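Here the structure comes first, spelled out in structure tokens, and everything after it is commentary.
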Amino acid sequence: MTQSLLHRILDPANRADPYPIYEELRRTPVHHEADGPYVVSTYYEIRSLLHDPRISSDARNLASNTADPLGEAPHEEGALPPGFLKLDPPEHDRLRRMTNRPFGPPHSPHRVDGMRPELHDIVAGLIDGIGDPARIDLVDQFSYPFPVTVICRLLGVPREDEARFHTWADTLAASLDPDPDADSGARSKGAHDARMQLGMYLAGLIEERRKNPGDDMLSQLATAKGEDGPMSTMELLSTAALLLIAGHETTVNLITNGMLTLLRNPDVLQRLRGDPRLAVPIVEELLRFEPPVQLLPQRTTLAEIEIRGVTIPKGAPIWLVLASGNRDPQRFADPDRFDPDRPDIQHLGLGSGIHSCFGAPLARLEAQFALAELARRLENPRLLQDPPPYRQNAVLRGPRHLHIGCDGIRP
């Protein structure tokens, strides 16, 4: 029996190269199957919907009779409230505005840029600790530990507690990927326990920061007295958890997809080795060519709307396939070619509109540092397996392992 397009997108067997499926999907810019979501795959339509106030990110606006092809677990009773990523204005705007005060302009313009020396030291330490250069798992030894260490430093997690934070992050990250062979009960309990332990740890840290604030982001969030007033403890917990998971997962995939792409394009890797400034356009092209977030499944119509001649009813689920829009030939010439010299690269890799990626400045900087240093320090790097094994997740697409070898590691 022939699989539907939606099932082919979700099928892990197609994770290594979903782009031919997206090409097929774009022939019907608004694709709809039975009682499933309305799947939008073309650049201009996706960009328009990302700015459309009739599109909600709050799952509570979804009609109750709609099916979820992703099979995501319902919201746990007693769990944290939704982060601002899953809220609409005005709640979204208030929480995002409050979170941004200690993170970026205009109130904290140097927060991210001031982390440059620390980012360099973390990257250098991870590369120094790689061990045998003949067989490296870039994910386990570099791409995973790097961003979670950065998030710990950003939030103000004490150095002695970072290992515990890594463990919780790994457990929660694994729970995002479907695994039909695993014991679902054990997986669910493991994720629940990790969330509870993380929540209790953060609650204690927040209380400590309220009494003895430092210059870290969590201290500033816990003691904020701006025009929006203070965050509640539950809002603080939810925001901290969002920063951990969303900030960690996307950067892991961006770095890993980036190194895989560079190893497949050795001429670009050689250019980067000679000129680390090239990391800036390389990362932008990577966000177009291999975006860490492939699609946004959490969108709902607040009113009946029409897109390309298709009427979508109120309360219907919409999927925005960012990775497909990024390869739309109506927007990008020769879209299946990786080209860091590409002009006018207004990609969708970090979203757009009010829900554009909150941590984009930090994610960009992390990826630039990581790829530039890997290119400089790894001697004659090469893939040991291509394609690598991919994560099961259709939304957060990236290799689960990336086995590479090199002749040595430069100082």
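The values are calculated or read from the model by the stated rules, or taken from the named source; none is laboratory data. Note that the structure is a prediction, hence the values are computed from the model and not measured. Quick reminder, even Gly has a Cβ in these numbers, built from the backbone with ideal geometry, and neighbours come from all protein chains shown. Side chains are part of the model used for accessible areas, which takes the heavy atoms of the whole protein and leaves out ligands, DNA and RNA. Shrake-Rupley method; radii C 1.70, N 1.55, O 1.52, S 1.80 Å.
Listed values, structure above:
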item	result
Residue that is closer than 18 Å to P147 by Cα and assigned to a loop (DSSP other than H, G, I, E, B), where the choices are P343, P291	P291
Test for K314: is it exposed (fewer than 14 other Cβ atoms within 10 Å of the Cβ) and under 21 Å from D88 (Cβ atoms)	yes
Residue that is closer than 30 Å to P18 by Cα and in contact (Cβ under 8 Å) with a residue 60 or more places away in the chain, where the choices are G258, G226	G258
Cβ-Cβ under 6 Å pairs, at least 6 apart or on other chains, the range 80-101 side closer than 16 Å to A222 by Cβ and touching a residue at least 60 places away in the same chain (Cβ under 8 Å), far side assigned to a loop (DSSP other than H, G, I, E, B) and acidic (D, E)	M98/D228
Test: residue in the range 167-174 that is at pLDDT below 90, assigned to a helix (DSSP H, G or I) and either closer than 30 Å to R54 by Cα or touching a Gly at 6+ places or on another chain (Cβ under 7 Å) (or both)	yes
Which listed residue is under 24 Å from the mean Cα position of the chain (by Cα), within 30 Å of R101 (Cβ to Cβ) and of a type in the set (D, E, K, R), from E290, E249	E249
Residue list for the range 270-301, filter: surrounded by fewer than 22 Cβ atoms within 10 Å (Cβ to Cβ), of a type in the set (S, T, N, Q) and modelled with pLDDT of 95 or more	Q270
Flag if E304 is within 25 Å of I9 (Cα to Cα) and either of a type in the set (D, E) or modelled with pLDDT of 95 or more (or both)	no
Cross-chain or 6+ apart pairs with Cβ under 7 Å, the range 261-279 first and part of a helix (DSSP H, G or I), then open to solvent by 70 Å² or more (accessible area, probe 1.4 Å)	L263/R382; R273/R376; P276/R376; L278/R271
Unique match (being out of contact with any Asp or Glu (no Cβ under 9 Å at 6 or more places or on another chain), part of a helix (DSSP H, G or I) and either among the polar types (S, T, N, Q) or more than 28 Å from D11 (Cα to Cα) (or both)) among L154, L205, L244, L218	L218
Any hit, the range 223-235, residues being closer than 20 Å to D161 by Cβ, open to solvent by 40 Å² or more (accessible area, probe 1.4 Å) and hydroxyl-bearing (S, T, Y)	yes
Filtered residue count, the range 32-63, keeping only those that are within 15 Å of L296 (Cα to Cα), at pLDDT 95 or above and of a type outside the set (G, A, S)	13
Residue list for the range 343-359, restricted to those being without any contact (Cβ under 8 Å) to a residue 60 or more places away in the chain and either of a type in the set (D, E, K, R) or open to solvent by less than 10 Å² (accessible area, probe 1.4 Å) (or both)	D344
Selected residue (criterion: surrounded by the most Cβ atoms within 10 Å (Cβ to Cβ)) from residues of the range 377-397 that are in contact with a helix residue (DSSP H, G or I) (Cβ under 6 Å, 6 or more places away or on another chain) and at pLDDT 95 or above	R377
Hits in the range 326-354 - residues which are closer than 18 Å to I55 by Cβ and either more than 13 Å from the chain's Cα centre (by Cα) or among the basic types (K, R) (or both)	S352, G353, I354
Any hit, the range 114-123, residues being outside any helix (DSSP H, G or I), free of Cβ contacts under 8 Å to residues at least 40 places away in the same chain and at negative phi	no
Tabulated pairs, the range 146-172, first on the phi > 0 side of the Ramachandran plot, second open to solvent by 10 Å² or more (accessible area, probe 1.4 Å) and of a type in the set (D, E, K, R), C-beta under 8 angstrom, 6+ apart or interchain	G156/R209; G156/D216
